[in-house]
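Below you'll find the structure, written out as structure tokens, and then a few comments.
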Amino acid sequence: MKKKMVTALLAVSMLAGLSAVNVMAADDDTITVGFSQVGAESDWRTANTESMKSTFSEDNGYELIFDDAQQKQENQLTAIRNFIQQEVDYIVLAPVTETGWDTVLQEAKDAGIPVIIVDRMVDVSDDSLYTAWVGSNFKLEGQKAMAWLDAYLEAKGRGDEEINLVDIQGTIGASAQIGRTEGFDEAVEAHDNWTTLAQQSGEFTQAKGQEVMESILKQSGDDIDVVYCENDNEAFGAIDAIKAAGYEVGGEEGQILVMSFDTTNAGLTQTLSGEITCDTECNPLHGPRVEEIIQKLEAGEDVDKQAFVDEVAFASDDTVTKVTIDGTDYDITPITQEIIDGRAY
Ligand code: AHR
């Protein structure tokens, strides 16, 4: 975009007999960014879109071409091809699933456009097809959540009890689903007294989370001890379904314990009320992180190929305040209204 603009100005200036100095002064430094966003499936996603839009604003020197793919990979492929045609300076991709990107990313590479992957990861045969990735360690999120559950049940004297779990998964094939499901599966596998009753996708939406929970409740409502929702919106839907079916949500015996991910404002509010017992953070504020990468590339500096965001976790009470994964301690913070009020999303 910048290059095209300068060329056009040069031609106009030469016709008008202006000097080269005037041409340089007229150069437009606007950086054009094409952003292919997954969709608007969750509160997390809304916060993520807002972070990107407020960062890549005109005032900050950017032209943002935003495309909402409505959770469909084919829409993302079309958007990327449009960005290539428009000769954007950078392509930013929040991929819906990990696989299926090799061809289109090769096209971007052939066009000389750097691609920055954000949030979920891509699984490509050649890492040079993208310039950098920034996002969450989704497996670690799942491990923290399940380590919390283990310590919580132990502290409540239920360490040896038979525990039946339900996993409402995210969009199948998305890094956030793959990592969180792995964390869940490995923990269930490690406990002889834990059983997975059902494992089904809620597609990261409230409506699907509710629908899936309703059907699982019909089959085995009386047996469920724990519902592990792979994001806050699924948890909102699952909680509605659980309550509508006449069961209680909460962390005490006889209640259905609901766990979640994202720590959005609404998710933490339900954690404070005790309806969600543990909510593990997935930080959506990637706009400034992606901008830092772009500014370094503009300055000709090296960037990290992959960067994980530091994340925390919150619980409805102080039964468990720390978990340890692979020798590293992670705090689990009892949620308060002050914490919720001080957070940006
Ligand atoms: O990839 C991040 C996940 O996607 C968030 O957990 C979820 O809310 C979103 O839809």
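What is the packing order of peptides 308-315, 261-268, 122-129, taking the mean over residues of other C-beta atoms within 10 Å and listing the highest first?
Answer by packing, highest mean first, reads 261-268, 308-315, 122-129.
Using a Gaussian network model of the chain with C-alpha springs under 10 Å, which one of SER260, SER175, SER51 is most mobile by mean-square fluctuation?
SER51
Quick one: angle between helix 206-220 and the longest Cα principal axis of the chain, in degrees between 0 and 90, rounded to 10, please.
Long axis of 206-220 versus the principal axis of the chain: about 20 degrees.
For the chain, what is the accessible area per residue in Å² when the probe is 1.4 Å?
The answer is 43 Å² per residue.
Pairs of Cα atoms under 8 Å, at least six residues apart: use those to get the relative contact order of the chain, whole percent.
15 percent
Could you go through segment 274-285 in sequence order and give the Karplus-derived ³J(HN,Hα) for each residue, using 6.51 cos²θ - 1.76 cosθ + 1.60 with θ = phi - 60°, rounded to whole Hz, and x for Gly and Pro?
Here the 3J(HN,Hα) series is x, 6, 9, 8, 9, 10, 9, 5, 10, 7, x, 7 Hz.
Measure off, as a whole percent, the carbon and sulfur share of the 1.4 Å-probe accessible area of the chain, all protein chains present.
46 percent
Give or take rounding to whole Å, what are the principal axis extents of the alpha carbon atoms in segment 284-345, in descending order?
49, 32, 11 Å, listed from the longest principal axis down.
Which of these, GLN295, GLN270, GLN199, has the largest mean-square fluctuation under a Gaussian network model of the chain (Cα springs below 10 Å)?
The residue with the greatest mean-square fluctuation here is GLN295.
Between ASP310 and LYS53, 0.36 nm times their residue separation minus their Cα-Cα distance comes to what?
90.3 nm
Debye calculation, C-alpha points only, no solvent: report log10 I(q)/I(0) for segment 156-266 at q = 0.16, 0.19, 0.24 Å⁻¹, in the same order as the q values.
Debye output, listed in q order: -0.66, -0.94, -1.42.
Based only on Cα atoms, what mean projected area does the convex hull of the chain have, in nm²?
One quarter of the hull surface, i.e. the mean projection, equals 19.3 nm².
Among the listed pairs LYS156/LYS243; LYS72/LYS322; LYS208/LYS305; LYS243/LYS322, which are separated by more than 27 Å between their Cα atoms?
Checking Cα-Cα distances, LYS72/LYS322; LYS208/LYS305; LYS243/LYS322 exceed 27 Å.
How high is the FRET efficiency between ASP160 and SER273 when r is their beta carbon distance and R₀ equals 25 Å, given to the nearest 0.05?
Here the calculated transfer efficiency is 0.25.
The values are calculated or read from the model by the stated rules, or taken from the named source; none is laboratory data. Note that the coordinates shown come from a computational prediction; the quantities given were computed from them, not determined experimentally. As a convention, Cβ positions derive from the backbone with ideal geometry for all residues, glycine included, and neighbour counts pool all protein chains shown. Just so you know, the surface numbers come from the protein's heavy atoms only, side chains and all, with ligands and any DNA or RNA stripped out. Shrake-Rupley method; radii C 1.70, N 1.55, O 1.52, S 1.80 Å.
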